[in-house]
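The values are calculated or read from the model by the stated rules, or taken from the named source; none is laboratory data. Values in this document were obtained by computation on a predicted structure and should not be read as measured data. For neighbour counting, all protein chains shown are included, and Cβ atoms are generated from backbone atoms with ideal geometry for every residue, glycine included.
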Amino acid sequence: MSENAYLAEGARTAIRPFTPADAEEFTTRAKESHGMHHPWLFPPDDVPAYAAYAGRLTEDATKAGFLVDDRNGTVAGSGPIAGFININNIVGGAFRCGALGYGAFAHAAGRGLMSEGLDLVMRHAFGPLGLHRLEANIQPANAGSIALVRRAGFRLEGFSPDFLFIDGAWRDHERWAITAEMVRQDPPRGADTMAPGSGPA
């Protein structure tokens with residue numbers, strides 16, 4: 001992966017769009033992380049499913065997908081994929097909002113990489129993508145996901161019963177959100193934000 005493909009870089013991570021070349025690594029990481037992800041999320045774990053998933057994220061204007069690369073101890077642009085953060089249901093106009101979906105892979109869990117990756121995605125969303133608000137709808141028992149958005153400065157705004165159909169049932173969710181005004185736009189300490197161009201490919 002070329003370093004120039006990065007949309008933004010931090011001290012330990014960088015974010016970039018999904019590509020077809022990532023299929024093998026992504027699906028391998030998803031299989032390795034099944035026990036950690038279940039029952040909260042189900043990322044694609046075979047190549048055809050990945051192709052469909054990545055295609056939606058790169059071709060649908062209401063979505064933007066980002067891979068979070070772990071840059072620790074690697075040559076720039078060659079780090080393993082630590083996780084993924086997607087912005088779904090993007091609406092413009094007076095709303096300018098999107099809904100987050102994300103997951104860490106097992107080898108990267110607990111190392112703070114997703115916190116830095118989420119910070120980079122938020123800056124990209126509130127900068128080049130022109131959004132004003134991001135939401136994260138999270139099942140109440142998913143403590144790890146709630147901790148991630150809380151650290152990022154999201155506020156708890158409400159509770160939605162039977163909100164999403166996941167793993168065979170309608171699940172309750174907490175609604176967390178953050179707006180551009182709640183995020184400092186200067187780069188985080190040790191981070192070097194790159195020119196992002198026109199948004200995800």
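The set of residues in region 1-47 that are of a type in the set (S, T, N, Q) and assigned to a helix (DSSP H, G or I) comprises Asn4, Thr27, Thr28.
The selection criterion, being farther than 25 Å from Ala11 by Cβ and free of Cβ contacts under 8 Å to residues at least 40 places away in the same chain, holds for Ala54.
crowded, with 16+ Cβ neighbours inside 10 Å, free of Cβ contacts under 8 Å to residues at least 60 places away in the same chain and under 24 Å from Ala141 (Cα atoms) - does that describe any residue in region 61-75? Scanning region 61-75 turns up no residue that is crowded, with 16+ Cβ neighbours inside 10 Å, free of Cβ contacts under 8 Å to residues at least 60 places away in the same chain and under 24 Å from Ala141 (Cα atoms).
When the residues of region 176-185 are filtered to those that are assigned to a strand (DSSP E or B) and not β-branched (Val, Ile, Thr), which remaining residue is nearest to Ala147 (Cα to Cα)? Looking at the filtered set, the residue picked out is Trp176.
Comparison of Gly144, Gly199, Gly190 shows that the only residue that is surrounded by fewer than 17 Cβ atoms within 10 Å (Cβ to Cβ), in a helix (DSSP H, G or I) and modelled with pLDDT under 95 is Gly144. Within region 6-41, the residues that satisfy the criterion of being β-branched (Val, Ile, Thr) and under 18 Å from Ser115 (Cα atoms) are Thr13, Ile15.
Could you tell me which of the residues Glu116, Glu32, Glu135 is among the charged types (D, E, K, R) and surrounded by fewer than 16 Cβ atoms within 10 Å (Cβ to Cβ)?
Glu32
Within region 92-137, the set of residues being under 21 Å from Gly79 (Cα atoms), hydrophobic (A, V, I, L, M, F, W, C), part of a helix (DSSP H, G or I) and in contact with a helix residue (DSSP H, G or I) (Cβ under 8 Å, 6 or more places away or on another chain) comprises Ala106, Ala108, Met114, Leu118. Does region 73-89 contain any residue that is touching a Phe, Trp or Tyr at 6+ places or on another chain (Cβ under 6 Å), within 19 Å of His173 (Cβ to Cβ), at pLDDT 95 or above and not aromatic (Phe, Trp, Tyr)? Checked against the condition, which is being touching a Phe, Trp or Tyr at 6+ places or on another chain (Cβ under 6 Å), within 19 Å of His173 (Cβ to Cβ), at pLDDT 95 or above and not aromatic (Phe, Trp, Tyr), region 73-89 yields at least one hit. Can you say whether Asp46 is charged (D, E, K, R), surrounded by 16 or more Cβ atoms within 10 Å (Cβ to Cβ) and at pLDDT 95 or above, as far as the supplied structure shows? Considered against the rule, which asks whether it is charged (D, E, K, R), surrounded by 16 or more Cβ atoms within 10 Å (Cβ to Cβ) and at pLDDT 95 or above, Asp46 comes out as no.
Modelled with pLDDT under 95, under 26 Å from Arg175 (Cα atoms) and of a type outside the set (Val, Ile, Thr): is that true of Arg96 in this structure? No: the conditions fail for Arg96. Entry remark, region 154-175: residues being under 16 Å from Gly144 (Cα atoms), of a type in the set (A, V, I, L, M, F, W, C), touching an Asp or Glu at 6+ places or on another chain (Cβ under 7 Å) and touching a residue at least 24 places away in the same chain (Cβ under 8 Å) number 0 in total.
Okay, residues lined up against (1) under 25 Å from Phe154 (Cα atoms); (2) among the small types (Gly, Ala, Ser):
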| residue | (1), (2) |
| --- | --- |
| Ala5 | no, yes |
| Glu32 | no, no |
| Val47 | no, no |
| Pro80 | no, no |
| Ile85 | yes, no |
| Gly103 | yes, yes |
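Residue selection: Ala108 fails the criterion of being farther than 18 Å from Pro17 by Cβ and at pLDDT 95 or above.
Any idea which residue in region 48-73 is farthest from the chain's Cα centre (by Cα), counting only those that are in a helix (DSSP H, G or I) and charged (D, E, K, R)? Looking at the filtered set, the residue picked out is Glu59.
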